[in-house]
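What follows is a single structure, written as structure tokens, with notes after it.
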Amino acid sequence: MLVIPYGSPFFFGLAAYAVLPTVVQGVLGVLRSRWMLLVTLLASAVQLGMGGELLVAAGCVATHLAVILGFRRMPAIRGRTIASVLMVLAPIIAARVTGMSPSLTPFGFIGLSYITFRSLDVLLGLHDGTITELDLSSLLAYLLFFPTLSSGPIDRYKRFTADFRRPISRDAYVDLLDSAIPLLVQGLLYKFVVASLINEQLIAPLATRHDVPATIGYMYAYTAFLFFDFAGYSAMAVAASRVFGISTPVNFNRPFLARNIVDFWNRWHMSLSGWFRDHVYMRTVLAAKRGKWFSDRHLPSYFALLVSFGLMGVWHGFAWHFVVYGFYHAALQIGHSVFTRWNATARVWGTGPRWQVAGMIVTANAFAFGLLLFSGRLF
């Protein structure tokens, strides 16, 4: 039976077995990290095992644990971090390139992706010195946290462990539970009502037509569907996290009110865009400046944008439409930077309310076209 995170009856049945005793313990004020770790390990094993992916996930996690724990004992020699990063990436690259397991479902691959993102967050935190304390139980809970295993958002180790290690009082838990309920309702409404209606009433009939009006309609319908579906299960994942005493950050912040493409990516899939900003973009900029790769002071940022969004595109797959989607967004970011500097003296684009609305419209349409590329319809 396929376990679709926040999408299949079996998943919600599985979650009920984990959630109900957790709520009882939280309301009584006796919820502790040992219970959360036990539930995380069991629920993750069942979720992945039902899809025939348990051995693949176990091998991936074992590799990551060996690399992370070994990194602290390894001498600080040149190339240590690069070699460790490559070893952490090896399982997910093998799964993507070779199809490591014929039973590896798309949701299983996404789960391995999120585990990899979290492992790299720990590894790079150790390299930077921002992570100084590491224990096996917290690390396992962080990598395999059941509510966000195959759906995100991508939490950070330091933030997660601060919640995981801290005993939560009854009053604090009840407050978290109260905040989880509206998120759960929002998620259910977004995914199972709005997204489902868009898919059935708009996307399905438009998918069979390939004229220009149908393609334009499909672009907007697909954008709306992807937002409500993605934001819906992200909200449910955040709600489930709070049931377990973990304040996982939200993943969306009214992205279609963004006034430019930079603002948009600060509002859309914020955990992923923030991860790439901190761990790829900033490091690439710093390396380019230190190595004096470019004579123009703006080129390190542009190059880093190409690397960051290019990798983000490839993460979705090696098909051309994913690669083009990634570089398209890098081009939008670079274009916005160039235009902003030019507009500082030309003053063609204003700052009043009408210009702000115009910026929202242009940004939303530019993003929608990007999702049309992402959908593969044009390819």
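Observations on the structure shown:
- S271 satisfies every condition listed in (1) touching a residue at least 40 places away in the same chain (Cβ under 8 Å); (2) open to solvent by less than 20 Å² (accessible area, probe 1.4 Å); (3) under 22 Å from V338 (Cβ atoms) except (3).
- Some residue of segment 193-213 being of a type in the set (S, T, Y), within 20 Å of R377 (Cβ to Cβ) and over 24 Å from the mean Cα position of the chain (by Cα): yes
- Residue within segment 218-236 that is open to solvent by 50 Å² or more (accessible area, probe 1.4 Å) and closer than 26 Å to F327 by Cβ present: yes
- Among residues that are surrounded by fewer than 15 Cβ atoms within 10 Å (Cβ to Cβ), under 30 Å from T130 (Cα atoms) and small (G, A, S), A287 is included.
- Residue match in segment 237-251 (condition: open to solvent by less than 40 Å² (accessible area, probe 1.4 Å), of a type outside the set (V, I, T), in contact with a helix residue (DSSP H, G or I) (Cβ under 8 Å, 6 or more places away or on another chain) and on the phi > 0 side of the Ramachandran plot): yes
- Boolean, A62 is part of a helix (DSSP H, G or I) and closer than 16 Å to F117 by Cα: yes
- Extreme residue, most open to solvent (accessible area, probe 1.4 Å), among residues of segment 1-13 that are over 19 Å from A235 (Cβ atoms) and in contact with a helix residue (DSSP H, G or I) (Cβ under 6 Å, 6 or more places away or on another chain): M1
- Residue check, I203 closer than 20 Å to L20 by Cβ and at pLDDT 95 or above: no
- Test: residue in segment 166-175 that is surrounded by 13 or more Cβ atoms within 10 Å (Cβ to Cβ), under 25 Å from the mean Cα position of the chain (by Cα) and either at pLDDT below 95 or not small (G, A, S) (or both): no
- Residue that is more than 23 Å from N251 (Cα to Cα) and either assigned to a loop (DSSP other than H, G, I, E, B) or aromatic (F, W, Y) (or both), where the choices are W342, W315, W268, W275: W342
- Across segment 252-265, the number of residues qualifying as open to solvent by less than 50 Å² (accessible area, probe 1.4 Å) and either in contact with an Asp or Glu (Cβ under 7 Å, 6 or more places away or on another chain) or not in a loop (DSSP other than H, G, I, E, B) (or both) comes to 5.
The values are calculated or read from the model by the stated rules, or taken from the named source; none is laboratory data. The model shown is predicted, which means the values in this text are computed figures rather than measured ones. Note: ideal-geometry Cβ built from the backbone for every residue, glycine included; neighbour counts use all protein chains shown. Just so you know, the surface numbers come from the protein's heavy atoms only, side chains and all, with ligands and any DNA or RNA stripped out. Shrake-Rupley method; radii C 1.70, N 1.55, O 1.52, S 1.80 Å.
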